[in-house]
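Beneath this line is the structure, given in C-alpha cells, with notes to follow.
The values are calculated or read from the model by the stated rules, or taken from the named source; none is laboratory data. As the structure is a prediction and not an experimental result, all values here were calculated from the model. Cβ sites come from the backbone with ideal geometry, for glycine too, and all protein chains shown count toward neighbours. Just the protein is used for accessible areas: all its heavy atoms, side chains included, with ligands, DNA and RNA removed. Shrake-Rupley method; radii C 1.70, N 1.55, O 1.52, S 1.80 Å.
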Amino acid sequence: MSYWTAFILTLFSPVIGGFIYGLERIVRARMQGRVGPPLLQPFYDFFKLMDKRSIIIHSFHAFMGVMYLIGTWFALFVLLSGGDLLIAIFFHVLSLAFLVVGGFSVRSPYSVIGAMRELLHMVAYEPLYVLSATALYLVTGTFQVSGILHSEHVPLIYLPLLFIAVLFSLPAILKKSPFDTAEAHQEIIGGPEIEYSGKFYEAVYTAKWIEYVYAFFFIFLFAGGNHILGALLIIFAFFFFNLLDNVTARVNFRQMVAFHWYILIPLAVTNLMLIALWRS
Amino acid sequence: MEKIVYSLFLVPWVLALAVFLLPGARFHRLRQLITFLSLPALSFLTYLVWNGHLPLQIETPRWLNLAFTVYDYGLLLYFLYQGIKFRDFLVTVLALFQLFLLTWILLIMPESSVPDFYVDRLSAFMFLIVSTVGTLICIYATKYMEQENLERENRFVAILLWFLGVMNLAVSVNNIEWFFALFETTTLASYILIRFRWDEVSIKNALRALWMNQIGGIAILLGLLFGIKYYSFTHFTQFLSLSGKPAIVMIPLGFLAVSALVKGAQMPFHRWLLGAMVAPTPVSAILHSATMVKIAPYLILRLSPVIKGTLLAKLLIITTGFVFVGAGLLALTQENFKKILAYSTISLLGLMMLTASMGSSMAILASLTLILFHAVVKALLFMEAGVMEKLFKAKYIEDIRRLVERAPITVAFTSIGFMSMTIVPYGIFVSKWMAIEEASNFLSHGAYVGSIIFMATGGVILALLYFKVIGVMTRKRGEFLKFQLEKVPFAYLFSTVPLVLFVIVGSIFIAKLLCLSVNPVVEAVIGTPAPIIAKGLTLITPVSELYGWQIIGAFVLLLIVPILAYFVHFTGTDRVYEYTCGEKLELNIGTYNFFCIQVVEPFVETAAVALFILTLVLGGGLV
Amino acid sequence: MDFKSFRKKSPWILHYNTGSCNGCDIEILACLSPKYDVERFGILNRGNPKQSDILLVTGPVTKRAKERLLRLYFEMPEPKVVVAVGACACSGGVFRHMYNVENGVDKVIPVDVYVPGCAARPEAIIDGLIKALEILKSKGKDLELPSWCKADVKPPVNRAKLLNSCLEEFHGCRRD
C-alpha cells in the first residue's frame, strides 16, 4: 500500500469507523428485536456534540482526550502505511496510554477505576497481538504489513487456532460485552471517558471509531494476499462479535485476564508450535 | 594505551582518597569539585580507550598476581570476621568454604602465559557506562548526603568513587581468579554501602547481600576449579577459544553462568537487591544502573559465543525469561517506590541475560542496547526517587499522589524514565522489538517459543506497572489551575538533565547510535556485527524497518503533552466538579495495589528455584 | 454550518429518580425496550450528566434529593432540557404538601416539559420527549439557572462555585 492510499484511508477512517458503528447499532437492535437508529446515527451524534457547550474538569484531562484521538489516528496510519506490524501494535499502546493517563488524571473514582481496567484490557490482549505478529511472520516471512498484504500464502489456513483466539479477544479491544469491563456503562458509566463532555468527548468518541478500523484491519491481515477472503473475514468477524456482544454478560476483570492468559494465549502458542514443527 | 587503561582504575581511586581525606562540613564544596572532576577525567579516558586499538592485551608483572592472591585472602578473612562479628552463620560458613576452594585452586593452578588484562570493546562499553552514569551518580550523591549527613559525606562519596574504579577493573581482567577477587570486591562495596546507615535493618540487609553474593563467588571458584581440572583454563580468552567446538564440558561455564544469575539478582537470589533500598538512594542508583548488577549481563555476554545454542543457553533463556515475567508480576504488588524500581531492574536484567544467551548478533545487539539504556534510565529514576524522598518526603505510592501539583519537573522526568522502558520510540522498546523479531527466527525449539511468550507478556506487565505509577503522579485536583515549577537544587538537575537528554536524543538517533557505537561492540563479542543499516533516522534490520518518521511522530506526540500541559489551560471553558452520582463526597482516591497477585509469590519463587537448579544441573552438565 | 438540526436527532438522556415509587422509572425503561424502542430517534440512556441533553426526572423531589438534583443539573452542559415525568414530578402528586417533599421538580430546577400520569404511559413519555426535542432545538448555549438563584455569573463559569452560591441562597446559609 502506498503512503498516499494509506494517508487517504487514515484520513477517512473516522467516516469508515462511524459507518461500522452505525451498522453495529442497527445489527444489535435487530438482534434484540428492535428497529434501531438510522445508519447515520453516529454522525448525528458527532455533529450534535460539536454544538454542545464544553465543560471540563481541568485542562490536562481535557487535552488528553484530544491526544487520544490524535494518537489513535497516528497508530492507524502506522499500521496502514505498510510498516512493521509489531511497531504498529506498540503505537496502539501509546495511544491507549493517553486515554489511561487522562483517566487517571482526575479525582473521579469511576474514571480511575476505568483507567486501571483499561490497562488490564491491554494486559489481556497485547500478548496475543505480539504472538499473532510473530505467527504472521512465520507464515509470510515478513513483519512488514505491505509484505503480508502481498503474500501468496493465506495465513488463515496455517493459523486457524490463532485466528479463533484473536476473534475472541476482539471484544476486549473494542470494549464490548463480555469484555467491556473498562467501559461498563451500567457499572462505572464509561470508565475513563466519563468526565469528558462536549467537544472533548467528541474526540474520545471518534477515537473509538478509529479503533474499529484498526481492529478490523488486523483481522484483514489474516487473509494475506487474498483480499476478497479478507473482506469476508471482516464481515464474519463483525457479525460474530456483535452476536457475542448480545448473548453474553459482562465478566469481571479477573475472569477476562484469566480467559485471555489461560485459554487464548495457550491456543495461540499451540498454533505457533505446530507451525514451527511443521516448518522445520 | 596501557597507561590509559590503568588510569581508568587509578583515577577514581585517587579521587576517592582525596575525598576521603577531606572530612567535615568545611570541605563540602571542595569535595563536590573533586567529585565533579571525575566526570570529565573518566569520560576523556574512556574516549581514548574507545578510539584506541582494541582489543588490547596487557601483560602484567608477576608480583601483581601475588598481590591479588594476598588481597583475596584478606578479603575473605574480612568476610569471615564480619560473619563472626555479627554472628551470621551463612556468611561465616560461606567465607570458610571460599577460603578452602581458593586454597585448593592455588595449589593446582597451572602456569599460564596468557595476558591477565583483556580490554576489548565490550570492556570499553562498560567503561563508557561507568564513567558517565556512575560519575553523575557520585555528583548527585554529594548533594544528597549534604541533606542527609554532612559528617559522613566524605566516606560515602569516597566509597562510591572507589566502587567505580573497581567496576572498571572488573570488566577488563582476563584472569578468572582476579575476576573472582573483583567480583567479591563489588560484593564488599555493596556490603559497606548497604549497611551505611548502621541501623538494625541496614545491617541485616547488608549481611543478606553479603551471603547471597558469596554464593556467586563460590560459583566462580567452582567454575574456575572445574575449568582447571578439565582444560587447565584460567582465563576468559581461553574459554572463548572453545566456541564452535562440539562436545565441550559445560560444567565450568554452568557455574560461571550461575554466578552471573546470582549477581544479577535473578530469583531466587533477588532479595539482596531489594534489601539495598534501605541504604541512601545513590547506593540503589549505583547498584542498579552502572555497577554491580551489570556484571551479570557482562559475564553472560563474555560467555555467549561459547554457550550459544547449547542446552545451557536454552535453560538460561527459560530461567531469565521466567524472572522477567515473575519479577514484573511481583512488582505489581509493591507500594514502595524504590521497591517497584528494584523489581523492574530484576525483571529487565532477566531480559538482558535472555537476549545475551540467545547469542545471535541481533540478540546481542538488543542486549547491549538494553544495558546502555537501562543504566541511564534506572540511574535517572533512582535519582528522581531520591529527589522525591528528600524534597517532597514521598517514599510510597500513597505519598506521590498528586505530586504533579507540587513538582512538575520531577514528575516529567520520572514519567520520561518510566515511559522509556515501555513506550514506542525509546531505546529499551527498540531493543525489545529487535529481541522479539530475532526470537521469531528461532521458533523451532521450545526454549525460543518460551522466550517469545515471556517477552510478550513481561513487557505488558511492566507497562501496566509503570502507567499505574504515572497515573498516580499526574492526578490533579480540578481546582488546581497553573503549574508552578519547583526549585530543584542545581546538583540534582546537573546529574539528571544529561540523562534525560541522552534518553531522548539517543532514542531519536537510535539507528545511528546502534550502527556506530553498539554494533562494533557486537562484533567484539561474537565476531560478526549485526546486519543493521542506518538510513537517516530509519533503522533497517534484516526482517523489518523502524522508520524515522515513526520515531519523530511518536516523540512529537509525547512531547506535546508536557508542553500543552504547561501552556494550554482552556481558560474560556466552564469548569465542573467530578461526577459522583450527585452526592457531595470528599474525594480521596486510592490506588489498586494488586494484592491478589501476592498469592502467586511462593509459586513464582519455587518455580524460580526449580529453574535455577535445572540450569545448574542440566545446563552445567552435572549429571 | 448550523448544527442545531442535529440536536433533534441524537438526544442522550439522563434519568434521575428523586424519590419516586419506581412506577415511572419502569415506564421510562419500557420506552427503551423492543416494544417502544426510543433508540429509533437516536435516544441513548447515557447515565452520565456530562454527555446528556435531556434530564428525565421522576418523583416529587424529596428534601434529601434536591441538592443532588441540583448538582446533576449543573453538571449537564447546555443546551439541555428537563422533562418531569409523572404526576409527582409535575406537582408533587399524592405526596404534595408532605413535610419531606419539595412539591415537584419545577420548585428546584426549570422544567421544560411536563408528562402527567400516574404512572406516565410510555406513549406519553415518548410524546414528551419529542416535545422536548423541539424545545432543545430552539435553545441557546447560554448558562441556564433556576429562577430563584440570583447568582451573578460571567463566562467561563466555575460550576462548583456556582453550585455553592446557589445552595447558599437555597438554604439561607452555607452548608458543607
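Percent of alpha carbon pairs in the protein assembly as shown separated by more than 56 Å?
On the way: 130971 of 581581 pairs.
Taking all Cα-Cα pairs of the protein assembly as shown, the fraction more than 56 Å apart is 23 percent.
What stretch of chain C, leaving out the sites themselves, is the longest with no chymotrypsin sites (Phe, Trp or Tyr not before Pro) in a DSSP loop having at most 12 other Cβ atoms within 10 Å? Could the numbers behind the result be given before it?
Working: sites that count: C:TYR99, C:TRP148.
Maximal segment without exposed cleavage sites: C:1-98.
What is the local net charge at A:GLN41, summed over the other residues whose Cβ is closer than 9 Å to its Cβ (Lys, Arg +1; Asp, Glu -1)? Intermediate values should be presented prior to the final figure.
Values: positive: A:ARG25, C:LYS9; negative: A:ASP45, C:GLU39.
Result for the local shell: 0.
Taking the simple approach of a point 7 Å from Cα along Cα-to-Cβ for both B:THR237 and A:THR5, what is their distance in nm?
Distance between the two pseudo-spin positions: 5.7 nm.
Taking the Cα centre of chain B as the origin, how large is its charge dipole in debye, to the nearest 20, when only Lys and Arg (+1) and Asp and Glu (-1) carry charge on their Cβ atoms? Show your work: numbers first, answer last.
Details: 43 positive and 33 negative charges, 131 e Å.
Using Cβ point charges on Lys, Arg, Asp and Glu, chain B gives about 620 debye.
As a test of reading the structure, rank B:THR355, A:THR5 by solvent-accessible area (1.4 Å probe, protein chains only), most first.
Working: B:THR355 0, A:THR5 70 Å².
Result, largest first: A:THR5, B:THR355.
Can you send over the solvent-accessible area of A:SER146, 1.4 Å probe, protein chains only, in Å² to the nearest 10?
Per-residue accessible area (A:SER146): approximately 30 Å².
Place a label point 7 angstrom from the Cα of B:VAL114 along the Cα-to-Cβ direction, then list the residues of the range B:32-55 whose backbone nitrogen is under 18 Å away.
B:55
For labels at B:ASN588 and C:LYS141 in the simple 7 Å Cα→Cβ model, what's the distance in nm?
With each label point 7 Å from Cα toward Cβ, the separation is 4.0 nm.
Order the following by accessible area, largest value first: C:ILE130, A:ILE20. Probe radius 1.4 Å; ligands, DNA and RNA are ignored. Could the numbers behind the result be given before it?
Details: C:ILE130 65, A:ILE20 35 Å².
Final ranking, largest accessible area leading: C:ILE130, A:ILE20.
Rounding to the nearest 10 and keeping the result within 0 to 90°, find how far the Cα-based axis of helix A:160-174 lies from the longest principal axis of chain A.
Compared with the principal axis, the helix lies near 10 degrees.
With a ≥ b ≥ c the root eigenvalues of the C-alpha gyration tensor of chain B, is it rounded (a/c under 1.5), prolate (a/b larger than b/c) or oblate?
Numbers: a/c = 1.57, a/b = 1.35, b/c = 1.16.
The shape class here is prolate.
What longest range of chain B stays clear of loop-exposed trypsin sites (Lys or Arg not before Pro) (DSSP non-H/G/I/E/B, at most 11 other C-beta within 10 angstrom)? Show your work: numbers first, answer last.
Numbers: sites that count: B:ARG26, B:ARG87, B:LYS393, B:LYS482, B:LYS487.
So the longest stretch without any such site is B:88-392.
Counting Lys and Arg as +1 and Asp and Glu as -1, what is the net charge of the other residues whose Cβ lies under 15 Å from the Cβ of B:ASP199?
Numbers: positive: B:ARG152, B:ARG195, B:ARG197, B:LYS204, B:ARG208; negative: B:GLU148, B:GLU200.
Result for the local shell: +3.
Over all residues in C:39-48, what is the mean tally of Cβ atoms on other chains that come within 10 Å of each residue's Cβ?
Values: counts 10, 7, 3, 10, 1, 5, 2, 4, 7, 11.
Mean shielding count: 6.
Mind checking the mean number of beta-carbon atoms from other chains within 10 Å of the Cβ atoms in B:424-430?
Working: counts 13, 4, 0, 0, 0, 4, 1.
Mean partner shielding for this stretch: 3.
Check which residues have an amide H placed less than 5 Å from A:ILE56's amide H, if you skip close sequence neighbours.
Those qualifying (amide H under 5 Å, at least 5 residues apart or on another chain) are B:ASP574, B:ARG575, B:VAL576.
For C:LYS137, go through the aspartates and glutamates and keep the ones whose alpha-carbon is under 12 Å away, minus same-chain ones fewer than eight residues off.
Cα-Cα hits under 12 Å: A:ASP51, C:ASP2, C:ASP53, C:GLU78.
Between the range B:564-607 and the range B:183-254, what's the alpha-carbon centroid distance in Å?
44 Å
Which entries of C:LYS66/C:LYS150; B:LYS308/B:LYS339; A:LYS176/C:LYS139; B:LYS432/B:LYS487; A:LYS175/C:LYS4; C:LYS80/C:LYS161 show an alpha-carbon separation above 24 angstrom in the structure shown? Intermediate results must be reported in sequence, preceding the final value.
Numbers: C:LYS66/C:LYS150 18 Å; B:LYS308/B:LYS339 33 Å; A:LYS176/C:LYS139 35 Å; B:LYS432/B:LYS487 36 Å; A:LYS175/C:LYS4 31 Å; C:LYS80/C:LYS161 20 Å.
The answer is B:LYS308/B:LYS339; A:LYS176/C:LYS139; B:LYS432/B:LYS487; A:LYS175/C:LYS4.
Give the angle, between 0 and 90 degrees and rounded to the nearest 10, that separates the Cα long axis of helix B:2-20 from the longest principal axis of the Cα atoms of chain B.
Once rounded, the angle reads 60 degrees.
Find how much the distance from B:VAL568 to B:TRP104 grows on full extension, using 0.36 nm per residue of separation minus their present alpha carbon separation; answer in nm with one decimal.
159.9 nm
Helix-derived [θ] at 222 nm for the protein assembly as shown: sum -39500 (n - 2.57) over DSSP H runs of at least 4, divide by residue count, nearest 500?
Details: 45 runs with 687 residues, N = 1079.
Mean residue ellipticity, 222 nm, calculated: -21000 deg cm²/dmol.
Report the FRET efficiency, 1/(1 + (r/R0)^6), for C:ARG40 and A:PHE236, where r is their Cβ-Cβ distance and R0 is 25 Å, rounded to 0.05.
Here the calculated transfer efficiency is 0.35.
Which three numbers, in whole Å and largest first, are the semi-axes of the equivalent ellipsoid of the range B:182-323 derived from its Cα gyration tensor as √(5λ)?
Working: eigenvalues 188, 44, 28 Å².
Listed largest to smallest, the semi-axes of the range B:182-323 are 31, 15, 12 Å.
State log₁₀ I(q)/I(0) for the range A:24-171 at q = 0.08, 0.19 Å⁻¹ as given by the Debye formula over alpha-carbon point scatterers of equal weight, solvent excluded.
Log-scaled intensity ratios, in q order: -0.34, -1.20.
Just for the protein assembly as shown, what percent of DSSP beta bridges are antiparallel, to the closest 5? All intermediate terms of the calculation are to be shown ahead of the outcome.
Working: 13 of 31 bridges.
Rounded to the nearest five, the antiparallel share is 40 percent.
For B:LYS85, go through the aspartates and glutamates and keep the ones whose alpha-carbon is under 18 Å away, minus same-chain ones fewer than eight residues off.
B:ASP199, B:GLU200
Which of the trypsin sites (Lys or Arg not before Pro) found in the range C:10-105 are loop residues per DSSP with 16 or fewer other Cβ atoms within 10 Å of their Cβ?
Numbers: sites: C:LYS35, C:ARG40, C:ARG46, C:LYS50, C:LYS63, C:ARG64, C:LYS66, C:ARG68, C:ARG71, C:LYS80, C:ARG96; in loops: C:LYS35, C:ARG46, C:LYS80, C:ARG96.
When the trypsin sites (Lys or Arg not before Pro) of the range C:10-105 are filtered for loop state and at most 16 Cβ neighbours within 10 Å, C:LYS35, C:ARG96 remain.
Subtract the Cα-Cα distance of C:LEU29 and C:VAL94 from 0.36 nm times their separation in residues, and report this length gain in nm to one decimal. Intermediate values should be presented prior to the final figure.
Numbers: separation 65, 0.36 × 65 = 23.40 nm, distance 2.25 nm.
Full extension from C:LEU29 to C:VAL94 adds 21.1 nm.
With angles folded into 0 to 90 degrees, how steeply does helix A:85-104 sit against the dominant principal axis of chain A? Use alpha carbons for both and round to 10.
Between helix and principal axis, roughly 20 degrees.
Setting aside same-chain residues fewer than 8 positions from B:LYS338, which lysines have a Cα under 20 Å from its Cα?
Qualifying lysines at Cα under 20 Å: B:LYS143, B:LYS204, B:LYS263, B:LYS294, B:LYS378, B:LYS390, B:LYS393, B:LYS395, B:LYS468.
Is there a simple number for the mean count of other chain Cβ atoms within 10 Å of the Cβ of residues in A:80-93, and what is it?
Details: counts 0, 3, 0, 6, 9, 1, 9, 12, 2, 1, 11, 7, 1, 8.
Across A:80-93, the average partner-chain Cβ count within 10 Å equals 5.
Hey, with R₀ at 22 Å, roughly what FRET efficiency would B:GLU200 and B:ALA25 work out to, going by the Cβ-Cβ distance, to 0.05? Walk me through the numbers on the way to the answer.
Numbers: r = 28 Å, r/R0 = 1.26.
E between B:GLU200 and B:ALA25, to the nearest 0.05, is 0.20.
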